[in-house]
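The values are calculated or read from the model by the stated rules, or taken from the named source; none is laboratory data. None of the values given here were measured: they were computed from a predicted structure. Here Cβ is always computed from backbone atoms with ideal geometry, including for glycine, and neighbour counts include all displayed protein chains.
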There are 2 protein chains.
Amino acid sequence: MMALTSDQLSNTFAALADPTRRAILARLMSGERSVTELAAPFEMSMPAVSKHLRVLERAGLIERGREAQWRPCRLEAKPMREAAQWMESYREHWEQRLDRLGDYLRQSTPRAARNRKKK
Amino acid sequence: MMALTSDQLSNTFAALADPTRRAILARLMSGERSVTELAAPFEMSMPAVSKHLRVLERAGLIERGREAQWRPCRLEAKPMREAAQWMESYREHWEQRLDRLGDYLRQSTPRAARNRKKK
């Protein structure tokens with residue numbers, strides 16, 4: 001079960017590791033789209049866009065209609081939410097780390113530099 | 001600038017697309033570790049673990065000390081936070097989608113099945 005979830009997470013992150021695929025997902029947030037509509041903003045051949053769609057489909061991030069001739073693409077929210085939850089579970093740690101870094105930088109600013117800023 | 005951010009995001013997601021690398025990051029949450037310490041829980045050769053560490057280092061998710069002989073690994077929080085922010089910016093959309101799906105499933109449950117549950 002653990003392995004299954006891990007694989008799904010790996011597939012989700014791998015699918016997100018491309019700016020075109022992230023842009024496609026962003027467009028699908030507003031509703032379902034045909035492949036032609038999705039391809040329009042990219043300077044890319046239809047086969048190249050179709051390849052990206054297949055990666056997204058295999059990762060379960062989108063679904064393609066079987067009924068209509070134009071096979072509309074729509075977003076599948078669940079895997080994305082699982083990936084967000086994985087990141088969320090560690091968020092507290094990063095925030096603490098970034099806060100500590102901020103504190104360190106403030107404390108280590110030389111007094112002379114701080115005085116200069118005051119003037 | 002946009003392209004740079006996109007590349008960083010792609011590198012972050014690509015680095016996260018592996019269960020071993022995610023486990024290494026999880027271990028580093030509690031503090032810096034040597035490569036030997038990081039390798040211990042995995043049934044993996046040191047070169048294999050080193051390869052994963054290089055991927056994490058190139059993506060900027062970890063930093064390796066230059067000073068000590070054992071070159072401790074430590075977490076770099078910033079790229080992870082940026083990836084979490086990217087996901088967060090779309091969260092509202094997924095949540096709405098999942099809520100709508102839940103409503104649909106509740107409404108489309110046949111009355112007979114619901115009555116059966118009541119008994």
Of the conditions (1) hydrophobic (A, V, I, L, M, F, W, C); (2) away from every other protein chain (no Cβ under 14 Å); (3) touching a helix residue (DSSP H, G or I) at 6+ places or on another chain (Cβ under 7 Å); (4) closer than 28 Å to A:D99 by Cβ, B:A59 fails just one. Which one is it? (2)
In the list B:A48, B:A68, which residue meets the criterion of being at pLDDT 90 or above and out of contact with any Asp or Glu (no Cβ under 9 Å at 6 or more places or on another chain)? B:A48
What pairs come up if the first residue lies in region B:91-103 and is more than 9 Å from every other protein chain (Cβ to nearest Cβ) and closer than 19 Å to A:R22 by Cα, the second is at pLDDT below 75 and surrounded by 13 or more Cβ atoms within 10 Å (Cβ to Cβ), and their beta carbons are under 7 Å apart, counting only those six or more places apart or on different chains? none
Just checking: which of the helices (runs of 4 or more DSSP H) contained wholly in region A:1-92 hold 3 or more residues that are surrounded by 19 or more Cβ atoms within 10 Å (Cβ to Cβ) and touching a Phe, Trp or Tyr at 6+ places or on another chain (Cβ under 7 Å)? A:2-16
Could you tell me whether region B:46-53 includes any residue that is within 14 Å of chain A (Cβ to nearest Cβ) and in contact with a Ser or Thr (Cβ under 7 Å, 6 or more places away or on another chain)? yes
For region B:24-46, what are the residues that are polar (S, T, N, Q) and within 14 Å of B:R74 (Cα to Cα)? B:S30, B:S34, B:T36
